[in-house]
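To start, the structure under review is shown below, and the notes come after it.
The values are calculated or read from the model by the stated rules, or taken from the named source; none is laboratory data. Bear in mind that the values here come from a model prediction, so they are computed numbers and not experimental data. Here the Cβ positions follow ideal geometry from the backbone for every residue, glycine too, while neighbour counts run over all protein chains shown.
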Amino acid sequence: MNLPKKILLYKGMLMAGMVILAGCNSDNETYEGNPLPGQEPLSTFDEDGELQADISWTTYGVPYITADNLESMAFGVGYAYAQDNLCILAEQVVKFNSQRSQFFGPDNPIDSG
């Protein structure tokens with residue numbers, strides 16, 4: 001082995017050793033500032049059984065959903081998804097039930113949108 005190859009080998013080993021040692025650093029500083037203000041927990045189910053969610057869409061089509069409980073929140077998420085993707089969801093159900101060619105024709109490509 002000639003001298004330049006040995007030097008490159010030693011430099012490579014030195015760099016690998018430095019990277020390994022840097023990964024073993026135990027500098028675990030934790031932030032102990034003021035805690036966030038507490039929020040009252042969100043209830044899971046609605047007492048009266050009426051699901052209500054407020055949905056607003058941004059100009060880019062992102063839905064923002066607010067609700068009083070998780071059940072209403074899930075209803076709002078499902079409603080927003082169905083409003084945006086109902087045709088895609090219906091096509092997936094037809095595909096799952098193996099009825100795609102019955103409704104879309106035998107010559108229609110699978111990824112026709």
When only residues in the range 57-72 that are among the hydroxyl-bearing types (S, T, Y) and within 20 Å of the chain's Cα centre (by Cα) count, which is farthest from D84 (Cα to Cα)?
-> T66
Considering every residue within the range 4-14, establish whether at least one is within 30 Å of P109 (Cα to Cα), of a type in the set (K, R) and out of contact with any Gly (no Cβ under 6 Å at 6 or more places or on another chain).
-> no
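Among T58, T44, which is out of contact with any Gly (no Cβ under 9 Å at 6 or more places or on another chain), surrounded by fewer than 11 Cβ atoms within 10 Å (Cβ to Cβ) and modelled with pLDDT of 85 or more?
Going through T58, T44 in turn, the sole match is T58.
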The range 62-76 - residue that is in a helix (DSSP H, G or I) and among the small types (G, A, S) and, of those, nearest to P41 (Cα to Cα) | S72
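Okay, residues lined up against (1) at pLDDT 90 or above; (2) in a helix (DSSP H, G or I):
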position	(1), (2)
D54	yes, no
G78	yes, yes
A90	no, yes
F103	no, yes
S112	no, no
